[in-house]
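Scroll down for the structure; my scribbles are underneath it.
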Amino acid sequence: MKRKRLCAALTAVVCTAAMMSVMPMQGVQASALVQNDFEVTFGGWYAESPDQSADLTAAEGIGFDGSRALKIVGRTSPADGAVSEKDLYLTGGRRYDYSVRVFAENDQHFKLSLLVEDIKTGEQTVKVLDEKDVKGGEWATLSASYKAPENSKSFKLTITTDTTDDFYFDDVTVTGRQELVASAAEQGLKDMLVNYGIRSGNILNGSTINDTGIKNILLKDCNAIECENETKPDATLVQSGSTDTNIQVRDSSFAKIADWCAQNGLGFRGHTMVWHSQTPEWFFKQNMGSNSGSYVSESVMNQRLESYIKNMFNLYKTKYPTLNLYAYDVCNECMNDSNGGPRNKGYGNGASPWVSVYGDNHFIDQAFKYARMYAPKNCHLFYNDYNEYASFKRDAILTTAKRIKAAGNLDGVGMQSHINANASDGWSGESQYLTAMKMYLEAGLELQITELDISTDGGKYSLDQQANRYKNILKACIDWNSDASHQSRVTLFQVWGPNDGHSWVGTDKATGRPNEPLLYTSSNQPKAAYTALTSLVPKPWGDGTKFSDDFEIKEPELDADGYWFHYTFENGVDGFAGRAATAESSSAEAYKGSKSLAVTGRTDTWNGAEMSLPSNIFKAGESYSFSAVVKYTDGGDSEPFHFTISYNDGTE
C-alpha cells in the first residue's frame, strides 16, 4: 500500500486578532502619474461629440519630435473634443501639474479643460486649465497646475479648439505627489487558481472603477476583468455614419477600463456582440433610421453583422494593442426561456429582433463564423446564457455549441450562474448545476463561469449556505481540471460584482432586505464565502499575475521532508477555515516557530477548524498519514480531541 505523509501543527488557544486592510497605503512619492505618448496605444483617449461624428486616429510621424500623435477628425461642433478620464490615477485634494502638446494645420485657439464630479452630490465642475492661440504648423504646449476639491472623481480631460478643424495632440502628462499602494498583505483567488489553469475574474463599470477600495481587491483577487455594460451593443454601436457594409463603433464607454486592464496586465473579456437586449432597434431597420420602419433582409443583416464584429475587433487591435483580449461572448441569451428554442420575434420584453430578421436562431452560426474570421488568435469565443442548468435550455445550448464547435468557430460555453444559496433548490440546485457543468465539459467544450452570484434571497438562506454553494462550485472546477485525462477545461471563475453594495441582484422584493450575493460586504470585507473558497487549496499558491493560457496539469511533488503539506501557520491560516468557529493565525501560542492556529468562538463540540484536501493529491483507495499537534488553554484537566476526515462514498 502506497503511503504518504501530511503533517499539520494545530494549536487551539484563545486569542483575538486585528483585521488588516487588504491593500494598505504607505508613503507618498512625486511622479508622473499619467504619461500618454501614443507610440503604441491610445492611452484611454477617445473622441466625444453629441452626434458621435468625431473620431480619433493615429497619425504616424507628425507627432512632437516626429513621433506618433493622435488626430481628431469629423468634428461638427467646436465643443467636440478629445477626451480621457484619468480618475484611475488621480484623486481630489491633491495638486497636479497637467501638460499636453497640440498642433493644427491652421491657426487655432486651443483649450485644455478638466471636469470633476463631487462624489457625494454628483455636481460637476469644469475648470479651464489652460488656453492659448497656437500658430498653424507649429507645436505648442498647454499646461497648468491645479488642485481639485477633496471629494472629486472623474478627472475628465478635454482638448478642444474654437473651430471644427482637425487637430493633433501628443505627450499628455500629469505629475504630482501620490500615495503609494503597498503590495497585498495576502495573495488572492487569482494566485490560488493559477496552478489549475483557471482565471479569477470580476466586473467593472463606469462607477466601480472610480472606487479605490474596489480596484485594490480586484487587483488582489483577479487576473481577468469584464465590463458590466460598457462593451454591449448599445454602448458600442454608432448610428451616425454607419452603412450596411461599414458599421461604426466606439469605445468611449470602456476606454479607461480597457486601458487600466492593459496597464495592469489583466485579461479582458468582451461581453457581448449579438444580443436581443441592449441593442438599438435601428441596427435592424431599413436605412438605419426610424424604429417604425421594416426590418432588413437576412442578406443585409449578414453584412451589418460582419461589419460590426470586424470593426469591434479592429478597434481593440488599433487602440489597445497591448490588451490581452483573451475571450469574448459572441452571442448572449439567445435561447427561449420556456422551451430552449428561438425567442419570439419582435423587440423588447424578451423578444428578439434577430429572430425577426432570420426567422430562427441560425444567426448564431453566422455570428461565430464572422467572429472567428476577425478575432485575435488567442481570443476564445463563447456562447453565454442564464438558466443554463435547466434541462431544456441546457440541451439546446449543447446542441448549438457542439454544432458550431464542429465547424471550428466556437471554443466554449459561458455559464452565467445567477443562483441562490439553497443547494437543494429543484430549479437551480447543486445537482442540476453540477450536472450541466459536467455535460458541457464532457462534450469537449471549454467552460467559463461568467456571472456567478449566489443570493441569500433577503436572508432566507444563511451566509454559511452561501459559502458552501460557492465552495462546491469552485471545488468541482478544481477537481475537473486536476484530472489530466480531461481534454476540456474550466478556464474562468468569475463573480458578477465586486461587493454586496455593487450588485445587480439588489434587495429581495418580498422583504426589502438585501440579497448579499457576493464575496465581499459593501465595505469590502471578505465574507464567509470568500474564506470558504480560499480554504480549498492549501498554500503555497502560485503567482496569478503570470497566468498562462498554455496550461498543463502538473503532477504534485513531495517537499524535501517527504510531506505533501506541512502547515505551521507562520504566514496565515494555510488554507484552514473555521467550522462554525473562528480560525486565525496567532502568536499567543506556538509548538514550533512563533505562531499557531487559534480556534475561538466554539459553542458545540463539533465546532473547530477544517480544510479541504486537494483532489489532485488525495485519491480514493490510497493510504495517507496525518498528524497534528494540539493544545487547549481552558476547560477541564483532560479533554478529548477529534481529528477526522469526511468524504463521499464515490457515488455522489
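Some points to look at:
- The residue list LEU204, LEU219, LEU237 contains one member that is more than 16 Å from the chain's Cα centre (by Cα) and in contact (Cβ under 8 Å) with a residue 12 or more places away in the chain, which is LEU237.
- Criterion (modelled with pLDDT of 95 or more, over 24 Å from SER31 (Cα atoms) and hydroxyl-bearing (Ser, Thr, Tyr)) met by exactly one of THR121, THR76: THR76
- The lone exception for LEU323 - which of (1) at pLDDT 95 or above; (2) under 25 Å from LEU398 (Cα atoms) it fails: (2)
- Residue match in region 282-300 (condition: outside any helix (DSSP H, G or I), more than 18 Å from THR57 (Cβ to Cβ), in contact (Cβ under 8 Å) with a residue 40 or more places away in the chain and among the aromatic types (Phe, Trp, Tyr)): yes
- Filtered residue count, region 581-606, keeping only those that are touching a residue at least 40 places away in the same chain (Cβ under 8 Å) and either open to solvent by less than 60 Å² (accessible area, probe 1.4 Å) or closer than 24 Å to GLN465 by Cα (or both): 10
- Filtering region 47-61 to residues that are open to solvent by 50 Å² or more (accessible area, probe 1.4 Å) and not polar (S, T, N, Q) leaves GLU48, PRO50, ASP51, ASP55, GLU60, GLY61.
- Taken as a whole, region 209-220 holds no residue that is among the acidic types (Asp, Glu) and either part of a helix (DSSP H, G or I) or open to solvent by less than 30 Å² (accessible area, probe 1.4 Å) (or both).
- Number of the condition not met by TRP427 [criteria: (1) at pLDDT below 95; (2) open to solvent by less than 50 Å² (accessible area, probe 1.4 Å); (3) under 15 Å from TYR386 (Cα atoms)]: (2)
- Options GLY270, GLY241: the member that is surrounded by fewer than 20 Cβ atoms within 10 Å (Cβ to Cβ), in contact with a strand residue (DSSP E or B) (Cβ under 6 Å, 6 or more places away or on another chain) and outside any helix (DSSP H, G or I): GLY241
- Counting only helices (runs of 4 or more DSSP H) that sit wholly inside region 301-415, those with at least 3 residues that are touching a strand residue (DSSP E or B) at 6+ places or on another chain (Cβ under 7 Å), over 27 Å from LYS285 (Cα atoms) and open to solvent by less than 10 Å² (accessible area, probe 1.4 Å) are 391-406.
- Restricting the search to strands (runs of 3 or more DSSP E) fully inside region 102-155 and requiring at least 1 residues that are surrounded by 15 or more Cβ atoms within 10 Å (Cβ to Cβ) and among the charged types (D, E, K, R) gives 108-118, 124-134.
- Residue check for ALA235: of a type in the set (Gly, Ala, Ser), in contact with a Ser or Thr (Cβ under 8 Å, 6 or more places away or on another chain) and not in a strand (DSSP E or B): yes
- Qualifying residue in region 434-443 (condition: touching a residue at least 40 places away in the same chain (Cβ under 8 Å), assigned to a loop (DSSP other than H, G, I, E, B) and closer than 28 Å to ARG579 by Cα): no
- Filtering region 83-101 to residues that are in contact with a strand residue (DSSP E or B) (Cβ under 8 Å, 6 or more places away or on another chain), open to solvent by 20 Å² or more (accessible area, probe 1.4 Å) and within 15 Å of PHE155 (Cα to Cα) leaves GLU85, TYR89, THR91, GLY93, ARG94, ARG95, ASP97, SER99.
For (1) closer than 29 Å to PHE313 by Cα; (2) open to solvent by 10 Å² or more (accessible area, probe 1.4 Å); (3) at pLDDT below 95; (4) not aromatic (Phe, Trp, Tyr), each residue gets a yes or a no:
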| position | (1), (2), (3), (4) |
| --- | --- |
| GLU186 | no, yes, yes, yes |
| MET192 | no, no, no, yes |
| ILE198 | yes, no, no, yes |
| ILE203 | yes, no, no, yes |
| ASN223 | yes, no, no, yes |
| CYS227 | yes, no, no, yes |
| ILE247 | yes, no, no, yes |
| ARG250 | yes, yes, no, yes |
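- Members of region 502-521 that are at pLDDT 95 or above and among the small types (Gly, Ala, Ser): SER503
- Condition met for ASP453 (modelled with pLDDT under 95 and either charged (D, E, K, R) or open to solvent by less than 30 Å² (accessible area, probe 1.4 Å) (or both)): no
- Extreme residue, nearest to ASN36 (Cα to Cα), among residues of region 80-101 that are of a type in the set (A, V, I, L, M, F, W, C) and assigned to a strand (DSSP E or B): VAL100
- Here region 62-73 is the region considered, the condition is being crowded, with 19+ Cβ neighbours inside 10 Å and small (Gly, Ala, Ser), and the residue that is modelled with the highest pLDDT is ALA69.
- The set of residues from region 494-513 being out of contact with any Lys or Arg (no Cβ under 8 Å at 6 or more places or on another chain), surrounded by 22 or more Cβ atoms within 10 Å (Cβ to Cβ) and of a type in the set (S, T, N, Q) comprises just one member, ASN499.
- Residues considered: TYR461, TYR433. Of these, the only one that is open to solvent by 10 Å² or more (accessible area, probe 1.4 Å), of a type outside the set (D, E, K, R) and modelled with pLDDT of 95 or more is TYR461.
The values are calculated or read from the model by the stated rules, or taken from the named source; none is laboratory data. What you see is a predicted model, and the numbers here were worked out from it, not measured in a lab. Virtual Cβ from ideal backbone geometry, glycine too; neighbours counted across all protein chains shown. What goes into the accessible areas is simple: the full protein's heavy atoms, side chains included, and nothing from ligands, DNA or RNA. Shrake-Rupley method; radii C 1.70, N 1.55, O 1.52, S 1.80 Å.
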